[in-house]
Amino acid sequence: MVTLAEVAQHAGVSASTVSYVLSGKRSISANTRQRVEQSIRELGYHPNAGARALASSRSNIIALMIPLRTDMYVPVMMEIAIAVATTARTHGYDVLLLTGEEGPDAVRRVTGSGLADAMILMDVELDDERLPLLRDGGAPARAKPRVGDHQPSVLIGLPADTAGLTCVDLDFKATGALCVEHLAKLGHRDIAVIGEAPAVYERHTGFAERTLDGLRLRSQELGMRLLHRPCEGGYDAMAVTLARIFDERPSTTGFVVQNESAVEPLLALLRQQGRAVPEDVSVVAICPDQVATQASVRLTSVSIPAQEMGRHAVRQLVAKLDGHGSDEVVLIAPELTVRASTGPAPSATH
């Protein structure tokens, strides 16, 4: 490994000058800085991360808390995580991935140990237990936060109370409303929502609850009837859910699906029952474009802007770390793409 002393010798400067160039703690002439930076590149020098952290009180690491639960669609979570990691790298940060379901304990561990300079939190619940720690700077329980304790953080998701927090998310309430409006324009009056697994609603996960709010409110405003049924996903669970929907509302002609693992089972079951999509039944999905375009019927859908959310969260966090960020809520407007799965309601064609 190339040492700092070897860089100094190669550049013809003292070791302390090299250190000042790396840390930026003192003003160095442009000519000297250029010589040192050229020597660093030519020798392939990489500062020791531990020593650099001690010298600068910075780890140059962002912690990403992304609980990988069995009832969540992991590919979307990982797409966001990859966007976070690649964007962070362009700003000179690495990402520490925390995938456990530790909740507040993980926040305390990160802030208390100095593992990371800042945090991005995902899988946000309406009354998330992690939020008080973010608002008081991550101070340990029962300890009074000290000045300077505050550690920057950004949520990918929206809690019920966003005061004192920085958040970015798809506007899921508007997403639900947009799906209803699309079906209403096609003449559908009875729609059913195939939701996430029951545990997602039991935790009051923000995106699922906000989507449901938008669906219900817009349906009410447009005089449409709406059923919401959570579903574990998979063929067997979908078969039970679909049978229940048609038993309770035989006149259902429109479906909104917010559960990637239920998409293909739903389409298969509709085919088996002799219900053609979109001639007899229309289906709108809230899902990644890849899921919508690769389904057995290309789905009309509202896409999940996973990469945009990840990139935006990092930019917000870096701004905070640089001292010019502020608490804000950024909601990304939903976009609905019409494909082959939606058409006029059967009654509207006669």
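The values are calculated or read from the model by the stated rules, or taken from the named source; none is laboratory data. Fair warning: this is a prediction, and the values are worked out from it, not measured in the lab. Every residue, glycine among them, receives a Cβ derived from its backbone with ideal geometry; neighbour counts consider all protein chains shown. Just so you know, the surface numbers come from the protein's heavy atoms only, side chains and all, with ligands and any DNA or RNA stripped out. Shrake-Rupley method; radii C 1.70, N 1.55, O 1.52, S 1.80 Å.
How many of the residues in the range 196-226 are open to solvent by less than 50 Å² (accessible area, probe 1.4 Å) and among the acidic types (D, E)?
Number satisfying all stated conditions: 2.
Give me the pairs: first residue in the range 194-223 and within 24 Å of H182 (Cβ to Cβ), second residue assigned to a strand (DSSP E or B) and open to solvent by 60 Å² or more (accessible area, probe 1.4 Å), beta-carbon distance under 9 Å, and six or more apart or on different chains, which are they?
Short answer, once both residue conditions are applied: S219/R225.
Residues R203, R244, R225: which one is among the basic types (K, R), under 30 Å from L121 (Cβ atoms) and in the same structural domain as V180 (by the TED database)? Outline the logic, then answer.
Numbers: R244 fails: under 30 Å from L121 (Cβ atoms); R225 fails: under 30 Å from L121 (Cβ atoms).
Answer to the check: R203.
If Q9 satisfies every condition in (1) assigned to a helix (DSSP H, G or I); (2) modelled with pLDDT under 90 but one, which is the exception?
So the condition that Q9 fails would be (2).
Determine which member of the set S347, S341 is within 29 Å of P198 (Cβ to Cβ) and not assigned by the TED database to the domain that holds G176.
After applying the criteria, what remains is S341.
Residue check: is E248 more than 21 Å from P334 (Cβ to Cβ) and open to solvent by 20 Å² or more (accessible area, probe 1.4 Å)?
Considered against the rule, which asks whether it is more than 21 Å from P334 (Cβ to Cβ) and open to solvent by 20 Å² or more (accessible area, probe 1.4 Å), E248 comes out as yes.
What's the total number of residues in the range 302-337 that are among the hydroxyl-bearing types (S, T, Y) and under 30 Å from Q290 (Cα atoms)?
Qualifying residue count, the range 302-337: 2.
What are the residues in the range 12-57 that are open to solvent by 80 Å² or more (accessible area, probe 1.4 Å) and either modelled with pLDDT of 80 or more or not in a helix (DSSP H, G or I) (or both), if any? Walk me through how you get there before you give the answer.
Going residue by residue through the range 12-57, those that are open to solvent by 80 Å² or more (accessible area, probe 1.4 Å) are 25-27, 31, 34-35, 38, 41-42, 46, 48, 52, 54, 57.
Within the range 12-57, K25, R26, S27, N31, Q34, R35, Q38, R41, E42, H46, N48, S57 qualify.
Out of the range 319-338, which residues are part of a loop (DSSP other than H, G, I, E, B) and either crowded, with 18+ Cβ neighbours inside 10 Å or of a type in the set (A, V, I, L, M, F, W, C) (or both)?
A333, P334, V338
In the range 60-89, how many residues are modelled with pLDDT of 90 or more, of a type in the set (S, T, N, Q) and open to solvent by 60 Å² or more (accessible area, probe 1.4 Å)?
Result for the range 60-89: 1.
Can you pull out every residue in the range 195-244 that is assigned to a helix (DSSP H, G or I) and of a type in the set (S, T, N, Q)?
Hits for the range 195-244 are T211, S219, Q220, T241.
Does G323 satisfy the criteria of being of a type outside the set (F, W, Y) and closer than 30 Å to G157 by Cα?
Spelling it out, G323 is indeed of a type outside the set (F, W, Y) and closer than 30 Å to G157 by Cα.
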